[in-house]
Amino acid sequence: MFESETSEQRKKRLYKENKSRYRKKQKTKHSDRQQYSNIMRHELGRMDQICIHCNAKFWIDERDQKSSQASSSFAVCCAGGKVSLPPLLKPPSYILDLYTSSSSDAALFRKNIRGYNNILACTSFGANIDEKFQGQGVSNFRIHGQVYHRIGSLLPENEHFPAFAQLYIYDTEHENENRQNIMQDLNNDILLNLQNMLDECNPYIRSFRQVRDIILSNATSQISMVIHSDRTHNPHCYNAPTSSDVAAIIIGDGYDVNPTNRNICLRLHDGGLQIISETHPSYDPLYYVLLFPRGDDGWHINIPLIGLSKRKRITPMQFYSYRLQIRDGDWLQYAGRLYQQYIVDQYAKIEQERLNYLKLNQTILRTEMYQGTVDAIDAGDISNNIGRRIILPSSFTGGPRQMYQLYQDAMSIVSHFGKPDLFITFTCNPKWPEITRELLPNQNAADRPDLTARVFHLKLQKLLKDLNINHWFGKVIAYVYVVEFQKRGLPHAHILLILAPEDKIYSIEKYDSIVSAEIPDPAIYPLAYETVTTCMMHGPCGILNPSAPCMKDATKYNAHINVEICNSILAIKYLYKYVYKGHDRATITLSQTNNTQTSANIETIDEIKMYLDARYISSSESIWRIFHYRLHNHIPSVQRLAVHLPNQQSITFQDGDNLQHIVDYATTRMTTLTAWFQENLENIAAHEYKYTDFPLYYTWNKSQCKWNPRKSATGAIGRLYMVQPSEGERYYLRILLTHIKGATSFDNLKTVNGYTCRTFKEACIHLGLLQNDNEWDICLYEASKINTGQQLRHLFAMILLYCQPAAPEKLWNKYKSALCEDILYQYHQTTIVNNIIECRALNQLNQYLLSNGKSLKDFPDMHLLLENMPDVDNDNNNLDQLIQEERLLYNIMHLESILHNNIPLLNAEQHAIYNAVIQAFEHNSSECFFVDGPGGTGKTFLYNTILAKVRLCGEIALPLNQEKKRKEIKCKKKLVINHN
């Protein structure tokens, strides 16, 4: 266009264009200054609302949805007055002063409060405490695995030092020295004063002192002590408990005493530790002596619930949700890290109670296929003999079954509406004024997980309203969100939005209007500039994008809000897998082997124990769960649709139930599938819809087991449960259900042109649904929409082993990208499956086959895929193959470009680190370098430069990212592979 343009003409044209852009920019600045000057920070106001029943303090936005601002009511504290607990007994003035004073002794006490409590406690706290992030920024108390409170005998065993309650009885002349020997970094004067205070006011410690006095007066006496669990005599007593209220001292060895299951019986010497039941009222005060110095009871099973209700007793969640509210005069919130530990401990107790119920009721409430129960009747069995596994059901929040179900539900939404358009991460800001304003003296946000959780919950609800109702990014037709908790404790939410077709992001201009990495102009957007610079917000903001919707988010919410555009279907499944990966747990998979044994000797697989051994719990997550806030949600709702063969629906029964009655009940109780048949039989209008589409037009009444015509325009998405091809007839039944409308029975479903087929597979063949390998093609196509590459390869192996496809190599080639996509993802490829990547996938496929006595050589057409590729080696740890594959991935020209461009841009500190690492590498010196710095300071830029240099020298460099906040590079001229 400008080929004939002279130099002078070019200057004039550029001048006009620059002038036009300048005027346009000035006009935009003016309009934006007016637009954004009206945007205010989102503010919750003061926490000045008081519950009329329990005096708990709230923000007005925490009121019940049905109540108004003029007449607000709250439920999270006391369930509208149904939960009534005696107030905590006021502690002695000495410890109150340590909690609230700004003196040096008080500051020292609060810094080491867990140490002081631990050394003075009567019981031990058993848990694996995660110390990785303590003392670093916003640290958070976090435990791994199970939690126990344990207590030993009254006196230590021979050659053992006294500990916990024994310190109040044994060698009390040197009591303080004994404590100092256990924990040496505590202030001796503070420790002695706390010990004297507890001697005066704590009923449990007074009981232990009485035992000491009896032993000293008569050294030959046999003493035992029973700590009572029964509180039914006076559940609402507000008086301070005395030592006789909580414990009884018995002269004798105590073996003639027959305490209840929950009473704690201590003898002089009994050689071991006993675990205190979570239902014992002394569970809390025996350990948390500095939180409850006067011995206030914790939760127990005999606390009545006020009012008419099916439940007659207060649950542990109701109890601790009440206790952890903020009220004038409370002191628990002053306790810092001990307060955090208390929160974690109580949620562990709540969850343990639920798990105990599930475990104890495995034999009371069981689910078994109807046909299996009929078979048991024919074999003369009783109901106690059916089932062999301890299940953690999908109804348990946070369990692996629930997370998998939620993932499947979310992928059903994607299958219905298409891929999500936006992935938003919203992180709590500990400097929000609502948090800092409510902090107690000498506190920071890390000390108050209750405040951060409550404020973040309110702001998250407001953000969701802005996104989904106010349409800040456009009309939202579906969304999914999940709340997680950082290792340092701050909550954050992952939000996936699917926009309406008219608001889809297709053009470059639309991209640029949403995403930018520019820092806002402080003159035009002062609030947004403050947020970006203080919260390190990466996302939709900037001078070149003044109309970006998230500029409003940044300005309004003053938080780290990251917005990403989802532009590739390849990453969608991994995005959802990440969102629904489950809550914090150990980085290993726990499993139990179950070798072939006789039925009497089969080892029970305990999913509950496996969950407990792997879980992590932080104080932020604990308080979120105690307050019963949602961890996830999605719109629209998903109706799960049963897929079962005739007489093979699931039923529930109790131990000892008459099995004939169970069968009779099952034949009359409808599933979603049999109820669909019934609705089609009775309502001709229902014939218009397939089973999978039924929830769009009908609602499922679970109590009546019936489909009712939908009255509202908002429909639900139907999701058939996944069925593997190896399940045979049930798999073919599922195929028919995705194609047939208006079926009135199982026989009607498999009737084709008036002929009732013998099997569902035969019906599929007559309908042309299983022509050649079409059934496996459909299976792989549907599975590729929601399953990962590893799961697809496992499915492909199942098809090869059990389904005899006619041309498996064609199926492989057709779905090669999906079958290899996880390996593509690992190798940072897009959609190009090269020989190395395909060989890796085929190797893994071959491993599945080998574990079942087959290999790719047993499928002649499949092994031809390996031509012109490295030989298939069954040893996945083959070092030469790994080195060859790694080197083939290095692009020399790209590495040279990185090195050429990056080295001049290194700052002084980066240059020093780079030179130190490369010098060690060139001198073949095995060294470890640790690079630390906050986000955005160029660590990744430095790592990439080092990696490029080492790889250009013909060596292999592997970056290890073991934790999100810790990065470590080891550069050696050897590649060490751990064969274990």
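The values are calculated or read from the model by the stated rules, or taken from the named source; none is laboratory data. Everything numeric here is computed off the predicted structure, so don't read it as measured data. Glycine also receives a Cβ, built like all others from the backbone with ideal geometry; neighbour counts cover every protein chain displayed. All accessible areas refer to the heavy atoms of the entire protein, side chains included, with ligands and DNA or RNA removed. Shrake-Rupley method; radii C 1.70, N 1.55, O 1.52, S 1.80 Å.
Counting only helices (runs of 4 or more DSSP H) that sit completely within the stretch 35-133, those holding 1 or more residues that are outside the structural domain of D466 (by the TED database), touching a strand residue (DSSP E or B) at 6+ places or on another chain (Cβ under 9 Å) and modelled with pLDDT under 95 correspond to 113-120. Taken over the stretch 924-939, the residue count meeting the criterion of being in a strand (DSSP E or B) and surrounded by 13 or more Cβ atoms within 10 Å (Cβ to Cβ) is 1.
Taken over the stretch 614-626, the criterion of being among the aromatic types (F, W, Y) and open to solvent by 10 Å² or more (accessible area, probe 1.4 Å) is satisfied by Y616 alone. With the requirement that a residue be among the acidic types (D, E) and either without any contact (Cβ under 8 Å) to a residue 12 or more places away in the chain or surrounded by 13 or more Cβ atoms within 10 Å (Cβ to Cβ) (or both), what does the stretch 158-198 give you? Across the stretch 158-198, the qualifying residues are E159, D171, E173, E175, E177. Checking the stated criteria, F921 turns out not to satisfy the condition of being more than 30 Å from P808 (Cβ to Cβ), open to solvent by 90 Å² or more (accessible area, probe 1.4 Å), at pLDDT 75 or above and outside the structural domain of Y578 (by the TED database). Restricting to the stretch 831-869, and then to whatever is closer than 16 Å to L811 by Cα and in a loop (DSSP other than H, G, I, E, B), can you tell me which residue is modelled with the lowest pLDDT? Of everything passing the filter in the stretch 831-869, F859 is modelled with the lowest pLDDT. Quick check on my filter: what residues within the stretch 199-221 are assigned to a helix (DSSP H, G or I) and either free of Cβ contacts under 8 Å to residues at least 24 places away in the same chain or within 21 Å of S103 (Cβ to Cβ) (or both)? Within the stretch 199-221, D199, D213, L216, S217 meet the criteria. Scanning the stretch 630-644 for residues that are surrounded by 16 or more Cβ atoms within 10 Å (Cβ to Cβ), under 22 Å from the mean Cα position of the chain (by Cα) and assigned to a loop (DSSP other than H, G, I, E, B) yields L631, P636.
One residue stands out in the stretch 296-322 among those that are hydrophobic (A, V, I, L, M, F, W, C) and in contact with a helix residue (DSSP H, G or I) (Cβ under 6 Å, 6 or more places away or on another chain): the one that is most open to solvent (accessible area, probe 1.4 Å), namely M317.
Scanning the stretch 51-95 for residues that are of a type in the set (A, V, I, L, M, F, W, C) and open to solvent by 80 Å² or more (accessible area, probe 1.4 Å) turns up I52, A70.
Yes or no: the stretch 426-447 includes at least one residue that is modelled with pLDDT of 85 or more and more than 30 Å from R114 (Cα to Cα). Full working, then the answer.
Just the residues of the stretch 426-447 that are modelled with pLDDT of 85 or more, to begin with: 426-447.
Of the ones still in play, those that are also more than 30 Å from R114 (Cα to Cα) are 426.
Looking through the stretch 426-447, at least one residue is modelled with pLDDT of 85 or more and more than 30 Å from R114 (Cα to Cα).
Among the conditions (1) more than 27 Å from the chain's Cα centre (by Cα); (2) in a helix (DSSP H, G or I); (3) at pLDDT 85 or above, Q371 misses just one, which is (3).
State all residues of the stretch 687-711 that are within 17 Å of L736 (Cβ to Cβ) and in contact with a helix residue (DSSP H, G or I) (Cβ under 9 Å, 6 or more places away or on another chain); if no residue qualifies, say none. Answer for the stretch 687-711, where residues must be within 17 Å of L736 (Cβ to Cβ) and in contact with a helix residue (DSSP H, G or I) (Cβ under 9 Å, 6 or more places away or on another chain): H687, Y689, K690, Y691, T692, F694.
Within the stretch 614-645, being among the polar types (S, T, N, Q) and within 30 Å of E727 (Cα to Cα) holds for S637, Q639.
Within the bounds of the stretch 342-362, is there any residue that is at pLDDT 90 or above and of a type in the set (S, T, N, Q)? Yes, the stretch 342-362 has at least one match. A search for C-beta distances below 8 Å between a residue of the stretch 794-809 that is in contact (Cβ under 8 Å) with a residue 12 or more places away in the chain and any residue that is among the basic types (K, R) and open to solvent by 20 Å² or more (accessible area, probe 1.4 Å), counting only pairs 6+ apart in sequence or on different chains, returns L800/K854; L801/K854. Inside the stretch 304-326, can you point out the residues that are under 27 Å from R448 (Cβ atoms) and assigned to a loop (DSSP other than H, G, I, E, B)? Across the stretch 304-326, the qualifying residues are I314, T315, L324, Q325, I326.
Only residues that are part of a helix (DSSP H, G or I) and charged (D, E, K, R): list them for the stretch 137-195, please.
E173, E175, E177, R179, D189
Go through the residues of the stretch 771-787 one by one and say whether even a single one is of a type in the set (V, I, T), assigned to a loop (DSSP other than H, G, I, E, B) and open to solvent by less than 40 Å² (accessible area, probe 1.4 Å). Yes - at least one qualifying residue is present in the stretch 771-787. Taking the condition surrounded by 14 or more Cβ atoms within 10 Å (Cβ to Cβ) and not hydrophobic (A, V, I, L, M, F, W, C), does N748 pass? Considered against the rule, which asks whether it is surrounded by 14 or more Cβ atoms within 10 Å (Cβ to Cβ) and not hydrophobic (A, V, I, L, M, F, W, C), N748 comes out as yes.
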